[in-house]
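These notes are about the structure you will find just below.
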Amino acid sequence: MMDIHQILKQLPHRYPFLLVDRVLEIETGKRIKALKNVSMNEPFFTGHFPHRPVMPGVLMLEALAQAAALLAFNTLNVVPDEKTVYYFAGIDDARFKRPVEPGDQLILEAELERMRAGMFKFKARAKVGDDIAVEAGLLCTMRTIA
């Protein structure tokens with residue numbers, strides 16, 4: 001378990017771009033299960049879409065990447081500093097299966113498939129209840145900046 005205060009110490013993202021509210025389960029080197037509460041107050045709902053608010057797919061993928069980053073940091077037993085950045089390196093086979101709307105709880109799940117030379121490969125999916133909203137393979141990398 002990890003609450004918002006612990007997440008803020010790990011991830012550099014801040015409002016409105018911090019997309020993980022709580023870590024429900026974490027198994028070092030294996031998997032993470034986290035939560036994003038989707039609220040009508042999210043700034044993207046103003047324009048996506050005014051007549052039928054739907055969470056953008058790219059933000060669902062970003063939420064999954066943030067959860068995956070927490071798993072990576074936990075696995076390496078590191079707390080990233082301001083000289084560490086964690087980037088997307090690739091997204092494979094992304095499939096969107098269900099719209100995510102205000103009031104939904106998005107359950108973020110990522111499994112670490114491979115870790116080598118600062119590259120991390122995850123199998124990830126986000127669910128609302130028992131329904132898969134999105135699934136994808138995520139390739140992420142950690143870099144130190146000057």
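Scanning the stretch 88-131 for residues that are of a type in the set (Val, Ile, Thr) and either in contact with a helix residue (DSSP H, G or I) (Cβ under 7 Å, 6 or more places away or on another chain) or exposed (fewer than 15 other Cβ atoms within 10 Å of the Cβ) (or both) yields a total of 2. Of note, Met40 satisfies the criterion of being exposed (fewer than 12 other Cβ atoms within 10 Å of the Cβ), more than 14 Å from Cys140 (Cβ to Cβ) and modelled with pLDDT of 95 or more. For the stretch 74-86, the set of residues classified as surrounded by 12 or more Cβ atoms within 10 Å (Cβ to Cβ) and at pLDDT below 95 consists of Leu76, Val78, Pro80, Thr84, Val85, Tyr86, listed by residue number. Restricting the first member to the stretch 78-105 and to residues that are under 18 Å from Gln66 (Cβ atoms), and the second to residues that are surrounded by fewer than 12 Cβ atoms within 10 Å (Cβ to Cβ) and among the basic types (Lys, Arg), the beta-carbon pairs closer than 9 Å and six or more apart or on different chains are Val79/Lys9; Thr84/Arg143; Val85/Arg143; Tyr86/Arg143; Tyr87/Arg143. Pairs please, first residue from the stretch 133-146 and more than 11 Å from Ile91 (Cβ to Cβ), second anywhere and among the polar types (S, T, N, Q) and in a strand (DSSP E or B), Cβ atoms under 7 Å, 6+ apart in sequence or on different chains. Matching pairs, first to second residue: Met142/Thr84; Thr144/Thr84. Once the stretch 115-145 is narrowed to residues that are on the phi < 0 side of the Ramachandran plot and assigned to a loop (DSSP other than H, G, I, E, B), the residue that is modelled with the highest pLDDT is Asp130. Among the residues of this structure, Phe96 does not count as one that is within 23 Å of Ile7 (Cα to Cα) and in contact with a Gly (Cβ under 9 Å, 6 or more places away or on another chain).
The values are calculated or read from the model by the stated rules, or taken from the named source; none is laboratory data. Remember, predicted model here, so these are calculated numbers, not experimental data. Cβ: placed from backbone, ideal geometry, glycine included. Neighbour counts: every protein chain shown.
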